[in-house]
Structures are given as structure tokens and as C-alpha cells.
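Each reported figure results from applying straightforward, stated rules to the coordinates on display, with no laboratory input. These figures come from a predicted structure and were not determined experimentally. When we count neighbours, we look across all protein chains shown, and the Cβ atoms used for this are built from the backbone with ideal geometry, even at glycine.
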């Protein structure tokens, strides 16, 4: 009888210890490496602090070259990355045959139309000159901004790397002049308007939400390919810890920090990734 009791006690002890072990394992801090191309400002400090309270330790891995974070993610050197928009990810993973996917939206840096001569796009006169960036991605995006503003109409097959030859209709006979992106603010005194990307606008002292006479709306279909995202390996797209980080990204304190860090130049986008499936595909 004594041996039987000892056996039962031993079994119970193992069960209890096993339960404690599982509980301890469940409560362990999860370490997540996120690839970024810059971590200045308060945003990531706040995200890391909030994540730590939920048992997630975030380590930022900084890259100086945009071609590296996706390869590092595919290789398993990092768990997530947060530096690119949908269009960039789609092109890169197709070229390099990588199995990566967006798991959440972050923000968009809107491209806008700026002017020292008019206060609205409606005031732009026939035959006026408009400067746009001349690098392939920004040039195509700038032309789409002009279309969204109602100034031109692009051909149906206009691509993410289109140029002025893709203009179908130009009712005001505008002169579209591609120039170096860094020059777009500097020629404002000589042109009716310039299409300036967010980074250059910020460097020139503009606050996009206040100074642009027209600004991209992230809810419009043509702008959605330029929404920045958090990417993961496709096999990890349903990882609960990663999804929790996406949720934290959209909490009020983080949104306010992004607004402050970018001087109002970047807008946080909280669109369920399922609603962007057509864009991603």
C-alpha cells in the first residue's frame, strides 16, 4: 500500500510540475527581431515599451540599404521588417523569388502638390508648367497624383514606373517637367506647381497636411500600393505575437509619436490587411 501511495504521489507531482512548466513557458518573454532602415524618434521606443509589458522583447536591426531587409527576413536573420510600401515589396520579392507577405499596415508618406502661386489645383491655368520628380518610381507616382487631383488622365495600362508618355488626356495642356526630386521645391518660384515627395517636402520645411494644395488620400485605390507595411515570412503570417505588434503600432500614443516625429508628414494607416488583398496580389 505504501508503494502504491508513493507511486500515486509521484505521478501527481510530475503532473503538477508539468503544468507549472507549461505555465512558465507560456509566460516567457518572446524575442522578436524587426528590420528597419531608421529608428530615430520616439515611435519605436514607445512600441518597444508597450510590447515589453505584453511579454514581447523587440530588437531593432538597422539596415542602411533598402535591398537588405527583405533578404534578411527570407533568410531568417530577422522575424519582421518595417520599412517599405506594398509596391516595393511586391517588386522585390518577385525579382528575388522570396516568400514574404504583409501582415499589417503602418503609415503612408503622402506625396503632394505645392505652389507659391495658387492656393488650389483649380486655380492652375491652362498651359502652366508643373515640375515632377524624374526618378522612375516617384515620377509615376507624381503623375498619378496629378490624375487624382483632376489635372490629367492616364492611360489604362499606366504602370508603377510610367512616365509622361502615359498621359491620355491633358485638358489644360499643362507642361509636365521631370526634374531631380531634390530640385522640386527649389523651382516653385519658376513653375505653377511642383509635385514633391514627403521626404523632400519635409527637408524643405513644408508640413504636408498644411502646405500642400493637394495631398494623396491613402483610402483611394491608386494610393494603396504606397501604403507602408510590416512584412513577415508567409509561413508566419498568422503568428499571434507578430499580430500583437501590429496592434500596438496603431495605439494612440504611437500614432501621436509618429505625427510628432514626422512633423505631421506621415499618416498612420490602419486598414485590415484582408482589405488590401487585391493590391497585394
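A few points about this structure:
- Axis angle, to the nearest 10 degrees, between helix 86-96 and the longest C-alpha principal axis of the chain: 70 degrees.
- Cα centroid separation, segment 191-209 to segment 216-281: 23 Å.
- Sequence-distant contacts, meaning Cα pairs under 8 Å at least 6 residues apart, place the relative contact order of segment 50-192 at 23 percent.
- Among beta bridges that DSSP assigns inside segment 112-216, antiparallel share in %, nearest 5: 50
- Within segment 126-165: backbone nitrogen closer than 19 Å to the residue 67 label point (7 Å, Cα to C-beta): 135-138
- 0 to 90° range, to nearest 10: angle between helix 43-53 axis and the chain longest Cα axis: 20
- Residue 263-residue 209 pseudo-label distance in nm [points 7 Å out on the Cα-to-Cβ vector]: 1.5
- Kirkwood-Stokes translational diffusion coefficient of segment 124-281, alpha-carbon pairs, 4 °C, 1.567 mPa s, µm²/s: 74
- Once the Cα atoms are used to define both axes, helix 2-26 deviates from the longest principal axis of the chain by about 10 degrees.
- MRE, 222 nm, helices only [DSSP H, n ≥ 4, -39500 (n - 2.57), over the chain, to nearest 500]: -10500 deg cm²/dmol
- Once C-alpha pairs closer than 8 Å and six or more residues apart are averaged by separation and normalised to the residue number of the chain, the relative contact order reads 27 percent.
- Dimensions in Å of segment 60-105 - Rg and Dmax from alpha carbons: 9.8, 26
- On the beta carbon distance between residue 240 and residue 94, with R0 = 25 Å, the FRET formula returns roughly 0.30.
- Taken over segment 106-200, the ratio of Cα radius of gyration to 2.2 N^0.38 Å equals 0.99.
- Quotient of the Cα radius of gyration of the chain and 2.2 N^0.38 Å, N being its number of residues: 1.31.
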